[in-house]
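Novice: One structure, as structure tokens, below. Some questions next.
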Amino acid sequence: MNSKNCSRAAAEPAVNGPATGRPVARGVMGLCLPLMLAAAFAACGPAAGTPEAAARDFLDAHYLLADLQSSSLLTTGLAASKVGEEIRLTEGLERGADTRMPRINYRLDRQLAGSAGAVAGDVPGVGGESASDAQAVMMVYRLTVSPVGAEPFDKQVLLRLVKSEGKWLVSNYAESDVSDQ
């Protein structure tokens, strides 16, 4: 469940007027259940302020929600330029209310810590650094995209995150097709 759905559910009125024909009160569980589920899902994820949390926030905004404006706030450097270009290319296009978005699942395949390296270049040297001590982290995710009415397919997304002013940001990303094995 994402925070947009949770906010929308919590913002619905608890009391409905007679014109709607719906019950007058939804009850405490109708209001609290979405919030409790969001808290439970958040507790299962990575701790805030970690590279894993920043990567998941970016993947959620960029791929799951297709919210380029939100994903741009989670980037710096080349990644910010790439997202900015995507925003420019999609300017004026609106998603229709009847547009059916594909279902996307992702999982972390591997993580490498290091202070050097770029998505298009060499993998950074691990050199004994832990992810919490590193100033740059590379993460490889596998996305499974399930379009409505079509066969699912897999993508590999490589993220490079850097720590800037105490906050982890995506500095570059690249995606590629995953061949069947």
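The values are calculated or read from the model by the stated rules, or taken from the named source; none is laboratory data. Keep in mind it's a predicted model, so treat the numbers as computed, not measured. Methodologically, a virtual Cβ is constructed for each residue, glycine included, from the backbone with ideal geometry; neighbour enumeration extends over all protein chains shown.
Novice: In this structure, is A97 modelled with pLDDT under 85 and either over 14 Å from the mean Cα position of the chain (by Cα) or surrounded by 15 or more Cβ atoms within 10 Å (Cβ to Cβ) (or both)?
Specialist: Working: modelled with pLDDT under 85: yes; either over 14 Å from the mean Cα position of the chain (by Cα) or surrounded by 15 or more Cβ atoms within 10 Å (Cβ to Cβ) (or both): yes.
Yes, satisfied.
Novice: Could you please find all residues in the range 66-94 being surrounded by 13 or more Cβ atoms within 10 Å (Cβ to Cβ), over 19 Å from V137 (Cβ atoms) and charged (D, E, K, R)?
Specialist: D67, E86
Novice: Report, ordered by the first and then the second residue, all pairs with beta carbons closer than 8 Å, sequence separation of six or more or different chains, a first member in the range 65-78 that is more than 18 Å from L161 (Cα to Cα), and a second member that is of a type outside the set (A, V, I, L, M, F, W, C).
Specialist: Hits for this filter: L65/N2; L65/K4; A66/R95.
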